[in-house]
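Working notes, structure below.
Computed from the coordinates by the stated procedures, all read-outs in this text should not be read as laboratory data. Model, not experiment: these values are computed from the prediction. Because the Cβ atoms are built from the backbone with ideal geometry, glycine has one as well, and the counts that use them run over all protein chains shown.
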């Protein structure tokens, strides 16, 4: 599998990475091991997790994903794996995480406690890429970057990244890093897919000019681009089927991913794929990888069979004609994910 550099860091990673956010909830440990084994054997060396996983975040299974990944890694040479995890963002905003009594923050106390827990669960003495899971735009970036700098100097992390960040937030963090001589965010992990191209509006330019790599998550839009929700289908045990039966926040997220515009876009993309003789899932993954600001596209699977299907986009390169047709759909159905 081809490799790409994480920003200007010392690390290069497989251009497809494995996301693990369902390990321990909808995906049990035995199946998770099989998925990670298949990914590893297929050339994937970049594995992404978080202290709050699995999803949906609940106290009954929080931290379980890191425990599963750590247990699996014990059977592999540590230096053969580029491991990424995340510290929770502030708990006083859009979401109260089920860790540290819901009073999480991106300060020294919380980051120190978070990484200590992650290192123990992952059974390792360092994290390759340590990311802030979501930002706090009302606190000083210095207070976050100073402690991340300390962790780098102590050898506990090799590089830092952010996630779910805005163009202003990323530029502000980079400005603070440069002015104070602090660690720099090398990566940004945001939602990016054929039905959610907002990243291209401003963040793509920041990444190109500042040499920060995007790690796109949900390249299949949470499974929507597979077509399983089209034609009024309600797939059993699918993520957004479950979300529609859950709390208000989950219902809103489900409607953001599954709505008339995303389903119409998906139908159009499937027609393009069929005409080109390409599997639509492979097309979605290949499309993500063909952006110059992308380092590793993060995929997820609940079964080894799903992973094999997704890996069909590994060596696929979309032609300019196919890319142009995809662009036409995006122009005719703008911003499907509201």
### Query
GNM on the chain, C-alpha springs below 10 Å: top fluctuator among 249, 308, 208?
249
## Note on the structure
When the chain is treated as a Gaussian network with springs between alpha carbons less than 10 Å apart, the largest mean-square fluctuation among 116, 153, 321 is found at 321
### Message
If I fit a long axis through the Cα atoms of helix 64-73 and take the longest principal axis of the Cα atoms of the chain, what angle between them do I get, 0 to 90°, rounded to 10?
### Response
90
### Message
With just the Cα atoms defining each centre, how far is segment 50-114 from segment 267-338? Give it in Å.
### Response
29
### Query
Against the longest principal axis of the chain, how steep is helix 260-276, in degrees 0 to 90 to the nearest 10, with axes from Cα atoms?
70
### Segment residue 100-residue 125, extension gain: residue separation times 0.36 nm, minus the distance between their alpha carbons
6.8 nm
#### Entry: C-alpha long axis of helix 29-41 to longest principal axis of the chain, angle in °
80
### Query
Helix-derived [θ] at 222 nm for the chain: sum -39500 (n - 2.57) over DSSP H runs of at least 4, divide by residue count, nearest 500?
-12000 deg cm²/dmol
### Summary
Residues of segment 306-338 with backbone N under 20 Å of the label point set 7 Å from the Cα of residue 205 along Cα→Cβ are 331, 335
### Summary
A chain fully extended from residue 29 to residue 255 at 0.36 nm per residue, minus the present Cα-Cα distance, gains in nm 78.4 nm
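Only counting other Cβ atoms within 10 Å, I'd like 8, 166 sorted with the fewest neighbours first.
By the 10 Å Cβ count, ascending: 8, 166.
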### Summary
Listed residues 159, 284, 273; largest mean-square fluctuation, Gaussian network over the chain with Cα springs below 10 Å, found at 273
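Would you mind telling me the antiparallel percentage of the DSSP bridges in the chain, rounded to 5?
15
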### Query
Which semi-axes, in whole Å and largest first, does the equivalent ellipsoid of segment 8-132 have when worked out from the alpha carbon gyration tensor as the square roots of 5 times its eigenvalues?
24, 17, 12
